[in-house]
Amino acid sequence: MRVLVAPDKFAGTLTALEAAEAIAAGWRRQAPADELDLAPMADGGPGFVDVLHEALGGDLLALTVSGPFGEPTPATVLLVDDTAYVESAQACGLHLTGKERPEEATTRGVGELVAAALEAGARQVVVGLGGSGTTDGGAGLLAALGATADRPLDAGPAALAGITEADVSAARDRLGDVTLLAASDVDNTLTGMFGAAKVFGPQKGLGEERIIAVDGWLEEYAAVLDRRVSLQAGAGAAGGLGYALLLLGAERRPGFDLVAEATDLAGRARAADLVVTGEGAFDFSSRAGKVPYGVAQVAAEAVRPCVALAGKVLVGSREMRALGVESAYAMVDVVGEERSFADPAGALTDLAARVARTWSR
């Protein structure tokens with residue numbers, strides 16, 4: 001039997017690569033004769049560069065860039081021929097902010113990664129958006145590429161208060177005719193009821209009482225640069241990094257689609273008898289551009305069954321099938337919550353072995 005193993009990261013516990021290896025280890029324990037094809041996945045957030053490096057090869061350019069509070073932070077750019085892949089979470093991820101000082105966190109480091117890609121000779125730069133701890137509208141990225149204003153652009157959203165002038169022409173000149181892609185599934189606008197501050201601010205540590213203030217600063221910022229772009233779908237991605245990239249002429253593409261295409265997921269699904277995916281928490285929000293839903297859709301197009309393994313499963317069978325998944329299995333149901341967090345790889349391995357009893361021939 002041929003099994004395609006295509007999980008996302010298990011946030012906070014396992015990378016997508018580690019999750020794929022754990023699932024494979026458990027499956028082999030129960031069904032050693034099965035042929036396994038490991039295709040760890042990402043949607044533009046944490047793990048984006050690692051997954052693409054695993055699939056495409058290429059060279060990793062090791063760098064030190066500005067973190068969300070200006071501290072030196074290690075990061076990498078993946079170079080594959082004349083295309084560079086940048087993972088914004090490496091420079092401004094939530095794991096770097098710890099949900100602290102959300103009004104001061106900057107995306108300057110992401111701009112430094114893009115600048116490094118340009119200096120390395122890239123003709124196309126793909127920026128993975130997701131998992132950010134910032135809500136600065138991408139102002140820091142613009143500053144790193146040469147944009148100027150009458151307020152600091154690289155000191156977080158609070159520094160944008162009172163902005164009346166800004167010029168991004170130097171940043172656009174820096175890019176020249178290089179193609180820019182924003183890899184994101186988020187459709188939110190920069191500001192308003194469905195904007196970056198209102199929708200994603202609380203998960204980055206922004207208190208409810210501060211949302212209106214931060215949204216107002218982003219409104220001022222957008223009014224100075226380009227209000228129309230701020231209302232485009234995807235401008236609110238990664239705390240507004242999407243807005244900065246759109247200002248610079250970026251094309252937006254769903255992150256999962258980009259990774260699936262790069263890894264030939266559709267072709268690999270057609271060659272398999274079963275597709276296995278997974279993530280930390282499998283719930284109905286998985287439909288909003290998350291990896292398991294995307295993998296399930298690819299499996300459906302290949303007319304192959306898809307099952308999901310997760311830390312927790314928070315949907316019933318009806319919702320599961322609406323997501324395109326035949327069955328979903330939870331680590332906490334098999335080994336308990338304590339072990340699931342203490343030994344996630346071992347717990348996932350045990351879960352995969354149990355699933356293989358049901359699904360392997």
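Remarks
- The sole residue among 172, 210, 123, 151 that is under 21 Å from residue 228 (Cα atoms) and assigned by TED's automatic domain parsing to the domain that holds residue 251 is 172.
- 2 or more residues crowded, with 24+ Cβ neighbours inside 10 Å and of a type outside the set (Asp, Glu): qualifying helices (runs of 4 or more DSSP H) within segment 43-133: 48-56, 89-92, 108-119
- Scanning segment 59-91 for residues that are without any contact (Cβ under 8 Å) to a residue 40 or more places away in the chain and in contact with a Lys or Arg (Cβ under 7 Å, 6 or more places away or on another chain) gives a single hit, 69.
- Cβ-Cβ under 7 Å pairs, at least 6 apart or on other chains, segment 181-194 side assigned by TED's automatic domain parsing to the domain that holds residue 117, far side acidic (Asp, Glu) and part of a loop (DSSP other than H, G, I, E, B): 185/43
For every residue, the table says whether it meets (1) buried (at least 21 other Cβ atoms within 10 Å of the Cβ); (2) farther than 29 Å from residue 124 by Cβ.
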position: 205; (1), (2): no, yes
position: 217; (1), (2): yes, yes
position: 222; (1), (2): yes, no
position: 229; (1), (2): no, no
position: 237; (1), (2): yes, no
position: 261; (1), (2): no, no
position: 267; (1), (2): no, no
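- Residue satisfying all of: in segment 189-212; modelled with pLDDT of 95 or more and polar (S, T, N, Q); nearest to residue 100 (Cα to Cα) among these: 191
- Top-ranked residue of segment 134-143 - restricted to ones that are in a loop (DSSP other than H, G, I, E, B) and not acidic (Asp, Glu), ranked as nearest to residue 171 (Cα to Cα): 138
- The requirement of being of a type in the set (Gly, Ala, Ser) and in contact with a Leu (Cβ under 6 Å, 6 or more places away or on another chain) is fulfilled somewhere in segment 40-51, by at least one residue.
- Residue list for segment 3-25, filter: buried (at least 24 other Cβ atoms within 10 Å of the Cβ) and not hydrophobic (A, V, I, L, M, F, W, C): 7, 8, 9
- Looking only at residues of segment 297-331 that are modelled with pLDDT of 90 or more and in a helix (DSSP H, G or I), we find that the one that is nearest to residue 360 (Cα to Cα) is 299.
- Residues satisfying the stated conditions in segment 168-188, i.e. within 28 Å of residue 46 (Cα to Cα) and not in a loop (DSSP other than H, G, I, E, B): 171, 172, 174, 175, 179, 180, 181, 182, 183
- Checked against (1) over 22 Å from residue 99 (Cα atoms); (2) out of contact with any helix residue (DSSP H, G or I) (no Cβ under 8 Å at 6 or more places or on another chain), residue 222 passes all but condition (2).
- For the condition β-branched (Val, Ile, Thr), over 19 Å from residue 9 (Cα atoms) and either assigned by TED's automatic domain parsing to the domain that holds residue 36 or modelled with pLDDT of 95 or more (or both), residue 275 does not qualify.
- Those residues of segment 154-167 which are surrounded by fewer than 24 Cβ atoms within 10 Å (Cβ to Cβ) and part of a loop (DSSP other than H, G, I, E, B), in sequence order: 154, 155, 161, 162, 163, 164, 165
- Condition met for residue 263 (on the phi < 0 side of the Ramachandran plot, modelled with pLDDT of 95 or more and either in contact with a Pro (Cβ under 7 Å, 6 or more places away or on another chain) or of a type outside the set (Phe, Trp, Tyr) (or both)): no
- A residue that is small (Gly, Ala, Ser), crowded, with 24+ Cβ neighbours inside 10 Å and at negative phi can be found somewhere in segment 144-153.
- Among the numbered conditions (1) touching a residue at least 12 places away in the same chain (Cβ under 8 Å); (2) in a helix (DSSP H, G or I); (3) not hydrophobic (A, V, I, L, M, F, W, C), the only one that residue 209 does not meet is (1).
- Selected residue (criterion: farthest from the chain's Cα centre (by Cα)) from residues of segment 4-15 that are outside any loop (DSSP other than H, G, I, E, B) and at pLDDT 95 or above: 4
- One residue stands out among those in segment 304-328 that are of a type outside the set (D, E, K, R) and surrounded by fewer than 19 Cβ atoms within 10 Å (Cβ to Cβ): the one that is nearest to the chain's Cα centre (by Cα), which is 314.
- Hits in segment 231-288 - residues which are under 26 Å from residue 300 (Cβ atoms), under 14 Å from the mean Cα position of the chain (by Cα) and of a type in the set (A, V, I, L, M, F, W, C): 256, 258, 259, 260, 288
The values are calculated or read from the model by the stated rules, or taken from the named source; none is laboratory data. Owing to the predicted nature of the structure, the values given are computational and were not obtained by experimental measurement. Neighbour counts are summed over all protein chains in view; Cβ atoms, including those assigned to glycine, are modelled from backbone coordinates with ideal geometry.
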